[in-house]
Every structure is written in structure tokens, then in C-alpha cells.
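Reviewing the structure listed below.
The values are calculated or read from the model by the stated rules, or taken from the named source; none is laboratory data. Owing to the predicted nature of the structure, the values given are computational and were not obtained by experimental measurement. Cβ placement follows ideal geometry from the backbone for every residue including glycine, while neighbour counts extend to all protein chains displayed.
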Amino acid sequence: MIKRFFLNERNMLLAIAINAVIITLLYFPSFKQLNILHHVDLFFIMLFLLEAIVKIRVLKPHAYFNDPWNRFDFILVMLSLPAVLELVLPIPNTSVLLILRLFRLIRLVRFIRFIPHLGTVLKGLGRALKASVFVIIALTFINFLLALFSCHFFQDISPKYFANPLVASYSIFQMFTIEGWNEIPADIATKMDNVVLIGIMRFYFVLVVLIGGIFGLSLANAVFVDEMTIDNTDALEKKVDRLQDQLDDMQEMLRKKLDP
């Protein structure tokens, strides 16, 4: 009965879901001091530890640790154990222990293993990242170049956004994402008197938004999505090819029947 419970993926998915709710509640100030929630969270740590023990006994250590997801689960359980040891041992409340506590949140990543066709999704994700790398490099170069230009012209006028190349790079990237694209020029405009220079400055930042935000990020997104969905496109192309072959066969049969 116990073995069947822990080997049933649906049961463990439900346990992860409930544990996710408990962890979420623990980060609300109004619930943080409730001891019952802490004890329930510790219960789930022990439950996942028992799950690992049962699976190791049933599957045997070699088969258990040969599965990447089992290794992932086991590491998370081990990193969660200091929270349980606090109940029986006088463990000092050090920064290292606090960091280990944060690893309990990574248990939520276990939900990923239940995503349908996860292998296909990860394969598409890897392919999309490889295809997007050159676009990302190009955008990084453009960001750096525009940051240097902006730093040169606006460093003294608006040090808040262009104090140095690193700050300027962040400000330019912020404009790439269409976030604050109007606030930065407005801040600079309040510190300039020449109407012509204000117009040129606004035109410059419009170009920044167009180059990085509209064309650059849109291109990166298009390449990424195209590579992610190429598996579906390949499947459709195979179906179309099969239909074309069938049509060719039917045309050949009709031609033979019509020929005297």
C-alpha cells in the first residue's frame, strides 16, 4: 500500500501542489508566525524523504540514481533536511542555513516533470536558444554601442540614467523593452534649453526604441518562436508530403484507366 502510494505519480503531484500552497502561505506576513504551517511544511519534507527511500528500495540504487529526475529530487530532499534537524539539534541560525532553507522553494520545479511531452519541449527550447544566440549577441553589441553614445552626450545632463557605460547599458536596455522610453527623454528635456537640441535628442531616443525594442527584440522573439514550433511544422510538412504522394498515385491510376 505504501509502495503503491509513493510510486503513483498523481499522488506525488498532489503532494507537491499542497506543499506549494503551504510554502506560498509561509511568505505572507500574516501566516508566517503560524507554527502549524511550519509543521505541515516539515511533514512534506519527511514525506518526500520517505518517497526517496521507498523508490531506492523498489528500484534499487543504480536504477534510481540513473534517472535524472530522481537525482534532482534526491538533492532537493537532502538540501531540505536542515530544516528538520532544527527540531532535534541546536543548529545555529547562520546565513548558510538560511540559504539552504531557500532551496526548499526549488521543490516547486518538480512540477516540470509532469509537463506533457516535456522532452519535445526541452528539445525545442535548446534549439531555440541556439538559433537566438547570434541575435542576442547582436543586440548586446547594439546596446553597448548605444550606451557609449548616450553616455558621451548625456552623462553630465542625466547622470541618473547615463552616469557610466554600465548604468547607460541598463537604461538603453530598459528602452529596448519599451519601459520608461518616454521618461528618460522627458528627464533630459527638463535640463535642456535649446529647442532644436531637444528635438534631436527625442529623435535619437525614438531611433533607440525602434532599433532595439521594435526591430531587435521582435526579431529575437520571432526566431525563438519559429524554432520552438519547428517540430509542429515538420509534422505538417510530412502530412502534406504523404497527401501529395497519395494524390500522385491517384492521378497515375486515373491516367492508366483513361489511356486506351
- Item | Scan of segment 183-214 for residues that are within 39 Å of the chain's Cα centre (by Cα) and more than 15 Å from Ile157 (Cβ to Cβ), ordered by number | Phe203, Val206, Leu207, Val208, Val209, Leu210, Ile211, Gly212, Gly213, Ile214
- Message: Show the residue pairs meeting these rules: Cβ distance below 8 Å; 6+ apart or different chains; first residue within segment 182-194 and of a type in the set (A, V, I, L, M); second residue part of a loop (DSSP other than H, G, I, E, B).
- Response: Ile184/Ser158; Ile188/Ile157; Ile188/Ser158; Met192/Ile157
- Scanning segment 157-179 for residues that are hydrophobic (A, V, I, L, M, F, W, C) and free of Cβ contacts under 8 Å to residues at least 40 places away in the same chain gives Ile157, Phe162, Ala163, Leu166, Val167, Ala168, Phe173, Met175, Ile178
- Could you check how many residues of segment 145-170 are outside any loop (DSSP other than H, G, I, E, B) and either more than 17 Å from Val209 (Cβ to Cβ) or not assigned by TED's automatic domain parsing to the domain that holds Tyr204 (or both)? 8
- Query: Does Leu14 satisfy the criteria of being under 25 Å from the mean Cα position of the chain (by Cα) and part of a helix (DSSP H, G or I)?
  - Reply: yes
